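Peer 1: Take this structure, written in structure tokens, and hold onto it; I'll ask about it next.
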Amino acid sequence: MKVVCNKVREEKKSRAIAAVSTLDPSEVAQLVDRAAGGNFEAFGQLYGIYLDRIYRYAFYQVKDSMTAEDITEEVFVKAWKAIGSCKGKGHTFNAWIYRIAHNHIINTLRDMRKCVSMEMENLTGLSDPGLEVEMKLDQQELMEVVADLPQNQRQVVILKFVEGLDSREIGKIMSKSGGAVRILQMRALTTLRQKLGGGKYGNGS
């Protein structure tokens, strides 16, 4: 089943910077139940809801559009094959599909022999009061700072401030406790503050 069409490639940049919209949990749960019963149209609606999110999540991790498209396709193929296991569990679908993406991304990064170049032109959604920093950098520089974070910290920052997930969902995706997620977030934000405030990318003042 080919679930990523040419439109993904044509709109990859706009998807990468798309704003996170609000999900209706009850609507998602109903679609999941229908899809779990074999309704492909319902799964298609879930696909439409999550396509941008999964592509963006993959892109921020692998930093390569073609690789992110491949991961996105694999995620939805696997999700369709396993959707029957979600019957009656629609409230956990959000964490479930991100977990599938997480596993694919980890495997992809493990297989990569070298880092690919950053293609993102803009970063939106990362600015948050919790960062407590003045955005003195252009977007490319900010992405470089985030990319320099250790993998687990980078994942938490992206899931929290870009994807808008809460600590409980992030914990399920990364197989970590809520406390461990909060520690990773604190360490990541501390590092970002230091670098943005006068470190490698700061102005030193």
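Peer 1: Simple spin-label model, 7 Å along Cα-to-Cβ: H91 to D70 in nm?
Peer 2: 3.9 nm
Peer 1: Neighbour counts of other C-beta atoms within 10 Å: give me M66, M143 arranged from fewest to most.
Peer 2: The order, fewest Cβ neighbours first, is M66, M143.
Peer 1: Also: Find out how many positive minus negative residues lie around S85, taking Lys and Arg as positive, Asp and Glu as negative, among other residues whose Cβ is under 13 Å from that of S85.
Peer 2: +4
Any read-out appearing in this document is the output of simple, stated calculations on the displayed coordinates, not a laboratory observation. Note that the structure is predicted; figures quoted are calculated from it, not measured. Positions of Cβ are generated from backbone atoms using ideal geometry, with glycine treated the same way; all protein chains shown enter the neighbour counts.
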